[in-house]
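Colleague: If you scroll down you'll find the structure; I have some questions about it.
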Amino acid sequence: MLRLARRPLLLAAILAAPAVARAQPYPARPVRIIVPFPPGNSTDIVARFIADALSQSWPQRVVVENRSGGAGAVGMDAGARAAGDGYTLVVGSSGTLAVNPAIIPNLSYDVLRDFAPISNLATMPLLLVARPDFPAHTLPELQALARQRPGELGYGSPGPGTAGHMAGEYLAHRAGIRMQHVPYRGTGPALADLLGGTLPLVSDSLASALPHVRDGRLKALVITGRNRAPQLPDVPTAAETLGEFEAVGWIGMVAPVATPGPLVSRINAEVVRILRDPSSSQRLESLGGSPDPGTPAEFAAFIRSETEKWREVARIANVRLDS
């Protein structure tokens, strides 16, 4: 009788086991964040900042895995193919999440089909910078100079299809001028040629150019964010001359599309909490950016609008990259 009495209890325990497993706290093991760029660039720095903050509040570590190559497509593809269990997240840039889909045919991933948006993390406005002896000091003066020398002024960027390249094309289009794009393999070589006097202008992130502007080796003609940057409050925005205008680099977090909605919401809540902490704002501003937390739905809408904007700029400027 005792053996028979135990059977219902044993059966109940077996049936309850999956529910107990499902109730285990998340995360129950380390979480990885894939960054589709090498260590040290702005996307990697922001990802590591978020990973460190999450590691402090979660019971497991959050580690960054750099998977660079193919203009970010290698890392994004790895993230798209990962299990949707919350243990793989991806931190990408405006380039991988919005520009690449606009300019690369047959891309190996589809952002809104293969990923669940979590939140934007930070925005980073771009600067058009020149040496102190460049004859123009403002955007209106640059417009006048470029119209005197149509197509002669060259501007460097970190490479084809980068935020610096696309912002430069967008600015030229809206300003009604023609400039020659000079692509480089990264920010360093472009700024080196600018500082050396072999290149008149560079379009790049505030984070990259800020140290050179602060020490007086370069001057900023215009900033492409919606508002003036707190780091350079005297530099006017393009919108002050052109009307509505915004072209910023940004860094956001997504997960594989199969990640359950409640888990996406939980990760979003943690990320938003971190970004709304005043110390986070100070940290991101020191890197040349600003926190930009939001809901998954807001981030999805932002990705769509950014992709459409850069698709139109790519069409106007005839920008297209091989996959």
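Colleague: Can you tell which of ALA297, ALA255 is small (Gly, Ala, Ser) and surrounded by fewer than 20 Cβ atoms within 10 Å (Cβ to Cβ)? Step through it out loud before you land on a result.
Modeller: Working: ALA255 fails: surrounded by fewer than 20 Cβ atoms within 10 Å (Cβ to Cβ).
Step by step, each of ALA297, ALA255 is checked, and only ALA297 is small (Gly, Ala, Ser) and surrounded by fewer than 20 Cβ atoms within 10 Å (Cβ to Cβ).
Colleague: Can you list the strands (runs of 3 or more DSSP E) found entirely within the stretch 174-257 that contain at least 2 residues being of a type in the set (Val, Ile, Thr) and free of Cβ contacts under 8 Å to residues at least 60 places away in the same chain? Outline the logic, then answer.
Modeller: On the way: elements: 180-183, 201-205, 219-223, 248-256.
Answer list for the stretch 174-257: none.
Colleague: To continue, here is another question. Do we have LEU284 as outside any strand (DSSP E or B), under 30 Å from LEU201 (Cα atoms), aliphatic (A, V, I, L, M) and touching a Ser or Thr at 6+ places or on another chain (Cβ under 7 Å) here? Give the steps one after another, and end with the answer.
Modeller: Working: outside any strand (DSSP E or B): yes; under 30 Å from LEU201 (Cα atoms): yes; aliphatic (A, V, I, L, M): yes; touching a Ser or Thr at 6+ places or on another chain (Cβ under 7 Å): yes.
Yes.
Colleague: It is to be established whether one or more residues within the stretch 69-80 are open to solvent by 50 Å² or more (accessible area, probe 1.4 Å), assigned to a helix (DSSP H, G or I), out of contact with any strand residue (DSSP E or B) (no Cβ under 7 Å at 6 or more places or on another chain) and modelled with pLDDT of 95 or more.
Modeller: As a first pass, look at the stretch 69-80 and keep what is open to solvent by 50 Å² or more (accessible area, probe 1.4 Å): 70-71, 74.
Going one step further and asking which of them are assigned to a helix (DSSP H, G or I), we end up with 70-71, 74.
Next, from what is left, pick out any that are out of contact with any strand residue (DSSP E or B) (no Cβ under 7 Å at 6 or more places or on another chain): 70-71, 74.
Okay, now just the ones that are also modelled with pLDDT of 95 or more, so none.
No, the stretch 69-80 contains no residue that is open to solvent by 50 Å² or more (accessible area, probe 1.4 Å), assigned to a helix (DSSP H, G or I), out of contact with any strand residue (DSSP E or B) (no Cβ under 7 Å at 6 or more places or on another chain) and modelled with pLDDT of 95 or more.
Colleague: Still on this structure, I have one more. Taking ASP44 as meeting all but one of (1) over 22 Å from PRO278 (Cα atoms); (2) in contact (Cβ under 8 Å) with a residue 12 or more places away in the chain, write down the number of the exception.
Modeller: Condition (1) is where ASP44 drops out.
Colleague: Of everything in the stretch 23-49, what is among the β-branched types (Val, Ile, Thr) and either under 17 Å from GLY159 (Cβ atoms) or open to solvent by 40 Å² or more (accessible area, probe 1.4 Å) (or both)? Give them in sequence order.
Modeller: THR43, ILE45
Colleague: Another one. Can you tell me which residue within the stretch 158-185, out of those that are on the phi > 0 side of the Ramachandran plot and open to solvent by less than 20 Å² (accessible area, probe 1.4 Å), is farthest from the chain's Cα centre (by Cα)? Show your work before the answer.
Modeller: Within the stretch 158-185, the subset on the phi > 0 side of the Ramachandran plot is 159, 161, 176.
With open to solvent by less than 20 Å² (accessible area, probe 1.4 Å) added as a condition, the list becomes 159, 161.
On the way: GLY159: 16, GLY161: 13 Å.
My answer is GLY159.
The values are calculated or read from the model by the stated rules, or taken from the named source; none is laboratory data. It should be emphasised that the depicted structure is a prediction, and the values quoted were computed from it without experimental measurement. Here Cβ is always computed from backbone atoms with ideal geometry, including for glycine, and neighbour counts include all displayed protein chains. Protein only, heavy atoms only, side chains kept; ligands, DNA and RNA dropped before computing areas. Shrake-Rupley method; radii C 1.70, N 1.55, O 1.52, S 1.80 Å.
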